[in-house]
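K.L.:
Supplied in structure tokens, the structure appears directly below.
The values are calculated or read from the model by the stated rules, or taken from the named source; none is laboratory data. Every value quoted in this text rests on a predicted model; they were computed, and no experiment measured them. All Cβ positions, even for glycine, are placed from backbone atoms using ideal geometry, and neighbour counts span all protein chains on display. Heads up: the accessible areas ignore ligands, DNA and RNA and are worked out on the full protein's heavy atoms, side chains in. Shrake-Rupley method; radii C 1.70, N 1.55, O 1.52, S 1.80 Å.
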Amino acid sequence: SMLLLFSLSTMVMVTVDKANASSIEVEYSAKDTAKRHVFRPSIMVSALKAWAVQEKNGLKDFSVAQCKVAAVLAVAHFGNIWEPAYQRNENHDPSMFWLVNGFLAIGTFMTWTWKASSAGRGGGSPRVVMLGREQTEEWKGWMQWGFIFYHYYRVFYVYNEIRVFVSAYVWMTGFGNFLYFDKKGDFSVERFVSMILRINYFPLLLSYFLTVPLELYYVVPLHTTGFVMTMITCYVGYQLEQRLGWSYWKSRTSAVALSLVAHILFYETPAVDFLLLFSKEYHFRFQADKYSAWMGMASGLLWGKIGQYMQWAHGFENEQRRRIASVLQGSAGIALIAFWYCLFGHIEDKFTYNPVHPYVFVFAVIGWLMLRNCTRYLTECHSTLLEFLGRNTLETYVLQFHLFMTHNVQYIPVVIPGADAAGSAAIRFANMLLCGSVFLTMAVCARKITIATQLSVVDLVKSVRGTVDTSMTVVVPQQASEGSKSEEESFALTKLEGGMTNEDHPRK
């Protein structure tokens, strides 16, 4: 589908070039301050030498990161071959699944944080932000928790809900990256390399050194494809606006429509069987989320209008309107979730549910967003615990198969004697906590290592290409207090992981 969209977009660009051949020159966005020099081998050697001696994000930081990742890979290897262990199906325990979710609810309550709405960069009245950065990470955090413990405790009857969680992740890939490209207009090599590294660096290392089929980490190619599709779609829209002079809405709507056509031509025709050349697993997984990233892009396109609605409905001008809007929006959110569940989510046979899932999961996603943001207070709050979990979802996703569980997710490791399938619930719970502590620690380390590698490689690319500024510049959020170094660093790491939120989106 990426190749098809690229071909269609190329045809559009050729038409544009013919229409503008007499006057068009290569232009860069005013927002792109990168300056390039002519490529010469001597310049490349000089650039490599300069990068090698950089105090920050140079060869030293890169080398240190690779040494650290080797240690994480070693731990993952020993975890993946750990003995003793017992079959994961013997760990079927719905009661424990709901118990650990209860503990998460308590942790969420204890770490519930409120920050008053603040004015935008242009000043004025405080902005009501739906799905800000913290709330996005929070959403990812509790979904990941459910996803991991669904695997651990084999709670088969929440399969459909887990499918929605996975699709929501892919939806966020299209959504966040659309907002980023739509504002920044940054289609640079640096951005592409940065995101490809962020998504694939650690999973590829795990797959290679642990000799694990990459399809075990099927979410990784889903995110990668979603990112590339979004980048191509936004590039087409940006070029239609810049070169043909089309309006914002005409250019972006045309690009998103073109992307939909490419998706349909691939996924709704025999062309989709091309995925069988890789594996049946990819064939199934990609079809299960064939429109998820596209729906995220479409949502990103409308997000400016949704932001205007949120400001009108939940702003500070009319308290009576705010109360009425809160009730109606919350009720509509519940109705959408109920609609998904009553018509589709309750289906017990996954082979009956899976074919309709790509078309209906979005009802649950929209319903949750409406419910989660049905009052101004809820838009201003988030759980710092869930936010922390959400920042490490990629690493917890891939490491769960080797450290929290073992033998490529098929077994449960027994670290504490007596914690096998026949052991007492208390000992098995303690065993889970011990494995979980190691697992989460390694995941946090892996994320920091990936970010360090990402920064170093992007700086190398910048040096070789002669660029002096990209979107990788760290932006400290307005609500961060002065001198709050840890908060700024946390935001910087998160910001580099890709995509944006409504806080960063221009009002179109």
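K.L.:
Probe radius 1.4 Å, ligands and nucleic acids left out: which of T225, T453 has the largest accessible area, and how do the rest follow? Mind dumping the intermediate values first?
P.N.:
Values: T225 25, T453 5 Å².
Ranking T225, T453 by accessible area, largest first, yields T225, T453.
K.L.:
Now a separate question. Note down the accessible area of K305, probe 1.4 Å, to the nearest 10 Å².
P.N.:
Surface accessible to solvent at K305 totals approximately 100 Å².
K.L.:
Using a basic spin-label model with each label point 7 Å from the Cα along Cα→Cβ, how many nm lie between F192 and V45?
P.N.:
2.8
K.L.:
Right, something else. At a Förster distance of 51 Å, what's the computed FRET efficiency of N354 paired with A116, Cβ-Cβ distance as r, to 0.05?
P.N.:
Details: r = 44 Å, r/R0 = 0.86.
It comes to 0.70.
K.L.:
Name the shape class, rounded, prolate or oblate, that the alpha-carbon gyration tensor gives for the stretch 248-362, where a ≥ b ≥ c are the square roots of its eigenvalues, rounded holds for a/c under 1.5, and otherwise prolate holds if a/b is larger than b/c and oblate otherwise. Write down the numbers at each step before the final one.
P.N.:
Working: a/c = 4.20, a/b = 1.58, b/c = 2.65.
In terms of gyration-tensor shape, oblate.
K.L.:
Right, another one. Leaving out ligands and nucleic acids, and using a 1.4 Å probe, what accessible area per residue does the stretch 88-149 come to in Å²?
P.N.:
Numbers: 2870 Å² over 62 residues.
Value for the stretch 88-149: 46 Å² per residue.
K.L.:
Same structure again: Report in % the part of the accessible area of the stretch 326-469 that belongs to carbon and sulfur, leaving out ligands and nucleic acids; probe 1.4 Å. Please list the in-between numbers first.
P.N.:
Working: 4030 of 5610 Å².
Result for the stretch 326-469: 72 percent of the exposed heavy-atom area is carbon or sulfur.
K.L.:
When the chain is fully extended, how far beyond the present Cα-Cα distance does A74 get from S424, taking 0.36 nm per residue of separation? Please report the intermediate quantities before stating the final value.
P.N.:
On the way: separation 350, 0.36 × 350 = 126.00 nm, distance 3.07 nm.
Result for the pair: 122.9 nm of gain on full extension.
K.L.:
Then there's this: Using θ = phi - 60° and the Karplus curve 6.51 cos²θ - 1.76 cosθ + 1.60, what whole-Hz ³J(HN,Hα) does each residue of the stretch 446-451 get, with Gly and Pro shown as x?
P.N.:
Running phi through 6.51 cos²θ - 1.76 cosθ + 1.60 with θ = phi - 60° gives 4, 5, 5, 5, 4, 4 Hz.
K.L.:
Also, I was wondering about something else. Please list 311-323, 233-245 highest first by mean number of surrounding beta-carbon atoms within 10 Å per residue.
P.N.:
233-245, 311-323
K.L.:
Further question: Could you sort the peptides 250-259, 130-139, 110-119 by per-residue average Cβ neighbour count (10 Å cutoff), highest mean leading?
P.N.:
Working: 250-259: 19.9, 130-139: 23.7, 110-119: 12.6.
Averaged packing, sorted descending, gives the order 130-139, 250-259, 110-119.
K.L.:
On to the next question. Shape call for the stretch 50-136 from the C-alpha gyration tensor, a ≥ b ≥ c root eigenvalues: rounded (a/c under 1.5), prolate (a/b greater than b/c) or oblate?
P.N.:
Details: a/c = 4.21, a/b = 1.11, b/c = 3.81.
Cα axes put the stretch 50-136 in the oblate bin.
K.L.:
I need the shape label for the stretch 354-399. Rule: rounded when a/c is under 1.5, else prolate if a/b > b/c, else oblate, with a, b, c from the alpha carbon gyration tensor.
P.N.:
Numbers: a/c = 5.20, a/b = 1.07, b/c = 4.88.
Oblate, because a/c is 1.5 or more while a/b does not exceed b/c.
K.L.:
Can you give the extra length, in nm with one decimal, that the chain gains between Q87 and L302 once fully stretched, where that is 0.36 nm per residue apart less the Cα-Cα distance?
P.N.:
Going from the current span to full extension adds 72.7 nm.
K.L.:
Okay, moving on. Within the accessible area of the stretch 136-257, what % is carbon and sulfur when the probe is 1.4 Å and the other protein chains stay in place?
P.N.:
Numbers: 2420 of 3560 Å².
Within the stretch 136-257, the accessible surface is 68 percent carbon and sulfur.
K.L.:
Keeping all protein chains in position, work out how much accessible area S424 exposes to a 1.4 Å probe, and write it in Å² to the nearest 10.
P.N.:
My reading of the accessible area for S424 is about 60 Å².
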